[in-house]
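Down below is the structure, laid out as structure tokens.
Please treat every number below as a calculation from the coordinates, not as lab data. For clarity, every value in this text was computed on a predicted model and none was experimentally measured. Quick reminder, even Gly has a Cβ in these numbers, built from the backbone with ideal geometry, and neighbours come from all protein chains shown.
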2 protein chains.
Amino acid sequence: MTRLHSDVSACGAEPATEAVGSTPAQTDRPRTNPACPLPGPLTLRARRLGLHSHSEPIVILRTDSAICRSEGLAPHSRVELHAGGRSVVATLFQVDDVLDRDQVGLSESAWRLLGLVEGATVRVKQAPPIASIASIRRRIYGHRLKLDDMTAIVRDVVDGRYADLHLAAFLTATAAQPMDEEESWALTKAMVASGERLDWPFAIVVDKHCVGGLPGNRTTPIIVAIVAAGGLTMPKTSSRAITSPAGTADVMAVLAPVDLPIGAMRRVVEQVGGCIVWGGAIDLSPADDIFIGVERALDIDTEGQLVASVLSKKIAAGATHVVLDIPVGPTAKVRSAAAAADLARRLTTIAGRFDMRAICIQSDGTQPVGRALGPALEAADVLAVLNNDPTAPQDLRARACTLAAILLEAGGAALPGDGALLAEQLLASGAAARKFDEICEAQGGRRDLPVSGYRHSVTTPVGGMVTAIDNRRIARLAKLAGAPDAPAAGLLLHAQTGDSLCGGDPLFTLHAESPGELAYALDYAVANPDIIALEDRG
Amino acid sequence: MTRLHSDVSACGAEPATEAVGSTPAQTDRPRTNPACPLPGPLTLRARRLGLHSHSEPIVILRTDSAICRSEGLAPHSRVELHAGGRSVVATLFQVDDVLDRDQVGLSESAWRLLGLVEGATVRVKQAPPIASIASIRRRIYGHRLKLDDMTAIVRDVVDGRYADLHLAAFLTATAAQPMDEEESWALTKAMVASGERLDWPFAIVVDKHCVGGLPGNRTTPIIVAIVAAGGLTMPKTSSRAITSPAGTADVMAVLAPVDLPIGAMRRVVEQVGGCIVWGGAIDLSPADDIFIGVERALDIDTEGQLVASVLSKKIAAGATHVVLDIPVGPTAKVRSAAAAADLARRLTTIAGRFDMRAICIQSDGTQPVGRALGPALEAADVLAVLNNDPTAPQDLRARACTLAAILLEAGGAALPGDGALLAEQLLASGAAARKFDEICEAQGGRRDLPVSGYRHSVTTPVGGMVTAIDNRRIARLAKLAGAPDAPAAGLLLHAQTGDSLCGGDPLFTLHAESPGELAYALDYAVANPDIIALEDRG
């Protein structure tokens, strides 16, 4: 092996002087003598387009601009932008007019990442090849990723250097051939390292997570209220929905502000012992929400991603003891007890490698919990439980108490075996409800629940016993009605498995914030009459 | 099971009348009584934005437009557009101004698919879930795809209903877990069915294909010229580059028009016995170029996709006998003789299921063929061989003759064993060169070769024997210089494996059409001094 000699660094790109061959391309002299030194990236004037593009940064240039010619840029080229010491990689679209030739149009995401003002000078050039994408390519063909690979991937994701199709390739590859334990650990570690990490002045910090797939399972606000009322510290960060009609952050957001910066979250927890905030706003494991956006578009979840998503948030939040609820059912995210046991083993093992104790429990995942799907409707269920409302959904209440009991014992607030009684007392006495109010006030003040403007009740034409509710399709129905982006949208169930219904009895009520979404959900309900399965009587 | 009753079809969406519970969301009456009947999709005025977005159709709406509110649309929503009996599914971006509230901005791809005129009425609504994407999701998790699944996927791809990230997920899933024979067959059949299919008035129609991965291997124009000069019919459709610096269509395009519509191609073949045209222009297997665009962005190839891509084009082109060249080498697309044998078996078997005879041969894939990488530079190599230029690359000449000989024998133009001699005679006599001129004229006339404006020669600082040339990185270097989009760009090799070089001898010359691309390629060359490996003498 030897090193090439090239004079590029010493003012290269003189006209070629080597012997040339006999074909036209070889005999003609170059048309242009490029100036010395080689041109750097060209500068353009920034134009804010007010363009909303999900998370992928978009840049728009004139097709006939000098920069597109000199850099050989084409639609879908990956372009690197520099301004004021910051840089971002964006996907290029081109326009025939709209912009001036010396303007560069930027999407809101690119604008924010660069921190621009209108007319600011932006340097634009071809993005260099992203080295971590070669790792993804190797992963597609079966090579395992090491910590270094994962670290580079996660850093590039957080820095906005990936197009959506690169994210889709990474997520699909790790869904098709699941991550092994080392990869899960490496991704978790890389995700923790990519964001903020909280450090608390408490020996014990508890946390919980439910491995989704169960519509309406909104135990978190109740558990935080009980556990904090019991004297433990529970700084809860939650996600927005991935493929469900509402995530805990979506539900909490209709009750109180959840987009707290890290300092504000810390003050809330030190003041009242707990919080329920959106993890994305405090930059814990910031890659997570970017992955989630693409997982949502593809409607896939992967175990490795799930483990890293759950644990990286807990580790970064400084938890010492976590309870992880894994609902199991034929239409839940985890379909069998064996799969749940595998997942529990993976979660517990990897948590242990980060000195965090994880307690996994399997729960009933055969039907929705509570009666509501959608942010505001689920929030109403939460309030009903906290307020000891006799019409509150008892399954939601019982689940929350079970998980709170485990944390009370794990955290030393209750002796082993006494957690369930303490949880029940804290809830029944109103201590949990008062604590929840304190938390809402500390986070910025209680909000009024939004109310849906468009509703439609779906009834059963014939009677029978409810034999099954399809979690996935009932969730899809709530999503079609607008949840979670429309907070008042979703659906309210009027039947549970085992109920006996008469012809004309209501099955569920759809709630929407727009007539289009209501119609869309109704179309789906009519096309899927067996989402709630009834055993015919005749 | 029972069917749900819903009165949506009979003027539904009256205000809800069912018993309501005790929480605010349940007790408040809906704010608005939606009109009856339910609103259909809203109509907007089309605005052509001159927006170039690769192949993915893009639609842009005002964030505050009625349609976004009523349909609950957000950035990255999938939107269905209807106009004049046509429809398309597009990805939504939103803007805060630029457009009027009743305007819908369309990318060039969406504009073309709908065949619009400025100001035309377009109906817009949420795209219904795309059923075939559920098949892709199942495929990610290991379920095999049947003919029906593949047919639906390919139809939706051709109809522009997929976002890039869906295409990326499909291609990644079938790369991570390769297609089995049934899937390859099904994808091939679905791709043939999705486009035009040629039917010739000849009993024997020959064709050839080289399974890429070998830079500069531009035998096709030479083979078509020889075989057509020998009296056989060879209607050759070629692809543009996937991950290489040039595809045959890119090379031929610098010599003559290749974007011939189907009728023109037919006339060329009937007139002169052969053609070399771009397959995409005549709508044979139209899904192929869409897949290729995303494969290029991800820089991946998959065997199943490769088999379907190769065979669907040949079958749709009406070939009866095809020779398939599989170069094998450590940095070629196919790395081992065993892998090549597997691929050959797959290609031959599936071709047989379509009544097409495929003859596969393995060839040397250890280094580039010829001396050029990039459309115009490779075209110059082709002309040198056809014109019996003594400086023509002899490896390219020999490969073309070997493959032409197989086709001459398979097609009955030569007796078994006599093909090589006939091929040599047709080339040496100038008959092939004259036939090539006829083909170029019939396709629309010979073009002058474009010439690069920016060049740089890279030399070796020390002497030694060339022990290896890395096909992948030398191809990447040519691509960084601008090939294939910049037709004059690429590189010219001055050394082959086995050559002995002195310090200061040229290794290769980079050709570019812009200074930015030249600098970019030089950066890569300097960072990768071992692309051409030399054994040191001292």
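Taking the DSSP beta bridges with both ends in segment B:44-194, the antiparallel portion is around 55 percent.
Each semi-axis of the equivalent ellipsoid for segment B:486-526 is √(5λ) with λ an eigenvalue of the Cα gyration tensor; in descending order they amount to 23, 12, 7 Å. Put simply, the amide H of B:N388, placed in the peptide plane, has no neighbours under 5 Å, leaving out anything fewer than 5 places away on its chain. Computed 3J(HN,Hα) for segment B:316-321, one whole-Hz value per residue from the Karplus formula 6.51 cos²θ - 1.76 cosθ + 1.60 where θ = phi - 60°, is 5, 7, x, 6, 10, 9, glycine and proline marked x. By DSSP, the beta bridges lying fully in segment B:42-126 are antiparallel in about 60 percent of cases. Neighbouring Cβ atoms from other chains, within 10 Å of the Cβ of residues in B:297-308, number 3 on average. In a reduced charge model with +1 at each Lys and Arg Cβ and -1 at each Asp and Glu Cβ, chain B shows a dipole moment near 840 debye about its Cα centre.
Between 0 and 90 degrees, the angle of helix B:287-298 with respect to the longest Cα principal axis of chain B falls at about 80 degrees.
For the protein assembly as shown, DSSP calls about 55 percent of its internal beta bridges antiparallel.
Across segment A:206-443, how many lysine pairs, 8 or more positions apart or on different chains, have C-alpha atoms separated by under 18 Å? Please give the number. Lysine pair count for segment A:206-443: 8. Applying the Karplus relation 6.51 cos²θ - 1.76 cosθ + 1.60 with θ = phi - 60° to segment B:495-511 yields 3J(HN,Hα) values of 9, 10, 4, x, 5, 9, 10, 9, x, x, 5, x, 9, 7, 10, 7, 10 Hz, where x marks Gly and Pro. Backbone phi angles across segment B:122-139, fed through the Karplus curve with coefficients 6.51, -1.76 and 1.60 (θ = phi - 60°), yield HN-Hα couplings of 10, 8, 10, 8, 4, 5, x, x, 8, 4, 5, 5, 5, 5, 5, 4, 4, 5 Hz in residue order; Gly and Pro are listed as x. Here segment A:454-536 is assigned +1 on the Cβ of each Lys and Arg and -1 on the Cβ of each Asp and Glu. Its dipole about the Cα centre then comes out at about 200 debye.
Which angle between 0 and 90 degrees, to the nearest 10, do you get for helix B:220-229 versus the longest principal axis of chain B when only C-alpha atoms count? For B:220-229 against chain B, the angle is about 70 degrees.
Per residue, the Cα convex hull of segment A:131-260 amounts to 151 Å³. Take A:A339 and A:H143, extend 7 Å from each Cα along the Cα→Cβ direction, and tell me the distance between the two endpoints in nm. Using points 7 Å along Cα→Cβ, the separation is 3.1 nm. Under 5 Å from the amide H of A:A483 lie the amide H atoms of A:G490, each residue being 5 or more positions distant or on a separate chain, with H modelled from the backbone and absent for Pro and chain starts.
Backbone amide hydrogens, once placed in the peptide plane, bring A:Q177 within less than 5 Å of nothing, excluding anything fewer than 5 places away on its chain. Position B:L147: other-copy label points at 5.3 nm, ordered by increasing distance, label point 7 Å along Cα→C-beta. Would chain B count as rounded, prolate or oblate if I go by the C-alpha gyration tensor, calling it rounded below 1.5 in a/c and otherwise prolate when a/b exceeds b/c, oblate otherwise? Verdict is prolate for chain B.
Taken about its Cα centre, the protein assembly as shown carries a charge dipole of roughly 20 debye when the Cβ of each Lys and Arg holds +1 and the Cβ of each Asp and Glu holds -1.
Between the C-alpha center of segment A:377-415 and that of segment A:275-298 there is a gap of 25 Å. Calculate how steeply helix B:419-428 sits against the longest principal axis of the alpha-carbon atoms of chain B, using the helix alpha-carbon long axis, and give the answer as 0 to 90 degrees to the nearest 10. Result, in degrees: 80.
Each Cα pair under 8 Å and six or more residues apart adds its separation to the average, and for chain A the resulting relative contact order is 13 percent.
Rounded if a/c is under 1.5, else prolate if a/b beats b/c, else oblate: with a ≥ b ≥ c from the C-alpha gyration tensor eigenvalues square-rooted, which is the protein assembly as shown? Judged from the Cα gyration tensor, the protein assembly as shown comes out prolate (a/c at least 1.5, a/b above b/c). Stretched out straight at 0.36 nm per residue, the stretch from A:D259 to A:Q362 would grow longer than its current Cα-Cα span by 34.0 nm. Remark: mean inter-chain Cβ contacts per residue of A:49-57 equal 6, using a 10 Å Cβ-Cβ cutoff to other protein chain atoms. Once each part is reduced to its C-alpha centroid, what is the distance from segment B:209-271 to segment B:188-205 in angstrom? Rounded to whole Å, the Cα centres lie 17 Å apart. Per-residue packing, averaged as other Cβ atoms within 10 Å, sorts the ranges A:292-298, A:361-367 into the order A:292-298, A:361-367, beginning with the highest.
Could you tell me the center-to-center distance, by alpha carbons, between segment A:108-174 and segment B:317-348 in angstrom? For segment A:108-174 versus segment B:317-348, the Cα centre distance is 34 Å.
Note on B:D418/B:D499: beta-carbon distance plugged into 1/(1 + (r/R0)^6) with R0 of 30 Å gives a FRET efficiency of 0.30. Let a ≥ b ≥ c be the square roots of the eigenvalues of the Cα gyration tensor of segment B:42-126; is it rounded (a/c under 1.5), or, if not, prolate (a/b larger than b/c) or oblate? Because its axes are fairly even, with a/c under 1.5, segment B:42-126 counts as rounded.
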